[in-house]
Amino acid sequence: MKQVIIAYLLPALISVFAIYHLASLSSVNTSLFPQEKTSKLSKPCVFIETFSDFPECEDSFLQDDSAGKIFLLGSSELTGATEASPYRFIPEHFNTKLQAVGHGGNQCFSIYSQLLANEDRLKGAKIAIIISPMWFFAKEAAGTSSKIFLEFNSENFLNRISGNDSLSDFKRYENERISHMFSDFSSPNFAIRQMHFEHQAGKSPIHYLLYKPVIETDKLLLKTKFHITGYHTDYSPVKRMPLAADSVTINWDSLFTFSKSEVLKTMTNNTWGIGNDYFSGHINGVSSKIKVCPDKENYELEDFRMLIKLLKNKGAHASFIIIPMNPFYYTNLNEAAPIISNIEAEIQNADFPYYNYWVTDTSKFEKGILKDVMHLSTYGWYKANKFIIDTYHLAK
């Protein structure tokens, strides 16, 4: 036993204390913990394509202002703004503000982590989530990629999760998913390392003994970093402002009729309800099939279940919009129907309002609702806007 202490334990303790004192030196800290550069925003945080590009927008995430705010989360559907994009349409017509976050690849686990990092702000938060069915099929069913994950979940956000021991099952799931993708991170930060090691340590007593010294070392280094930089992870709950209904009259029937007719004018070279440019450039009359993964291999589906559980547990005022896929192009959507039914059932069981565009039958598919094969047109967005406005009672 004495030999073990001399050969292993003593050198480990010496190394830990040496690292701690080295990291405490400001000259060393400069190279160990370089300060991240922040960008300069030319406009408010209305549409945040990534938090990595606009880190200053992190503070406004899930934060209300005097008129109240709705938060719209999604992926590629949010890019390519038009007059019908909710972050343009709703603030233009109502006092209520709307902040949108996302671009392609911002799937369930990325959104789950963003919300988990801000769990103190979830109670009463008005959060609308755009669900793209493609997240749950083909390679996307493997879940959010590590690259996209880091674009939306900064070290700041991850430190909040790692340092919060009150999150129980939610943090354990975060640790498990981080550990699952750990090998994909080229230079994992302290928080990612910590969550990976904590998951590994929970596998068995032997794993615990092996990983515990590493975990404690990382905790010590992180504590030192926070001490030197003055950084803190304490975020108090926000006071939710009620959304005041406005005396706004929108002639939805007229708006729907006009916008649909305008969209259909751009779909004249095919009978599938696909925009001319997209049809000639990507489709040209050739259909496709989606790859449906078994539930046990579908990480995205499990991520979605945990996302629903988090929103319900924390008392968020969440809602969901499930967008369609074009059944003329994707000819086996009936095989995907059970997964969409699972998604719908999870939302219903949590008693969250939702709007489901999904259809598998070409005779029931409304041409003009999409601009390509899976992204909403202006007409489709106006329908989504009406759902959001009705759900959050923005109009009297």
- line: Rounded to whole angstroms and listed largest first, the alpha-carbon spread of the stretch 36-169 along its three principal axes comes to 40, 34, 32
- line: Within the under-15-Å Cβ sphere about residue 258, not counting residue 258, Lys/Arg +1 and Asp/Glu -1 give a net charge of +1
query: For 265, 371, what ranking results if the residue with the fewest other Cβ atoms within 10 Å of its Cβ goes first?
result: 265, 371
message: Just to verify a number: FRET efficiency for residue 265 and residue 344, C-beta to C-beta distance, R0 = 30 Å, to 0.05?
response: 0.35
- prompt: What ranking do 383, 289, 171, 296 get, fewest neighbouring Cβ atoms within 10 angstrom at the top?
  reply: 296, 289, 171, 383
task: Could you pull the Cα extents of the stretch 49-96 along its three principal axes, largest to smallest, in whole Å?
output: 30, 28, 13
- request: Using amide H atoms built 1.01 Å from N in the peptide plane, name the residues 5+ places from residue 330, or on other chains, whose amide H lies under 5 Å from its own.
  value: 288
- prompt: Which whole-Hz couplings ³J(HN,Hα) result when phi for each residue of the stretch 326-337 is put into the Karplus expression 6.51 cos²θ - 1.76 cosθ + 1.60, θ = phi - 60°, listed in order with x for Gly and Pro?
  reply: 6, x, 6, 8, 8, 8, 10, 5, 4, 6, 8, 4
message: Quick check: pseudo-label points 7 Å beyond the Cα along Cα→Cβ at residue 210 and residue 56, how many nm apart are they?
response: 4.6
field: Sequence of 165, 390, 303 once ranked by neighbouring C-beta atoms within 10 Å, starting from the fewest
entry: 165, 390, 303
query: Between the stretch 111-190 and the stretch 289-357, what is the C-alpha centre distance in whole Å?
result: 18
Peptides 331-343, 243-255, 315-327 ordered by average Cβ neighbours within 10 Å, highest first: 315-327, 331-343, 243-255
query: To the nearest 0.05, how large is the calculated FRET efficiency for residue 334 and residue 246 if R₀ is 45 Å and r is the Cβ-Cβ distance?
result: 0.60
- request: List every residue whose amide H lies under 5 Å from the amide H of residue 72, counting only residues 5 or more places away in sequence or on a different chain, with H placed 1.01 Å from N in the peptide plane.
  value: 99, 100, 101, 128
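Rule-based calculations on the coordinates, nothing more; no lab input. These figures come from a predicted structure and were not determined experimentally. Counting neighbours? That spans all protein chains shown, and the Cβs are built from the backbone with ideal geometry, glycine included.
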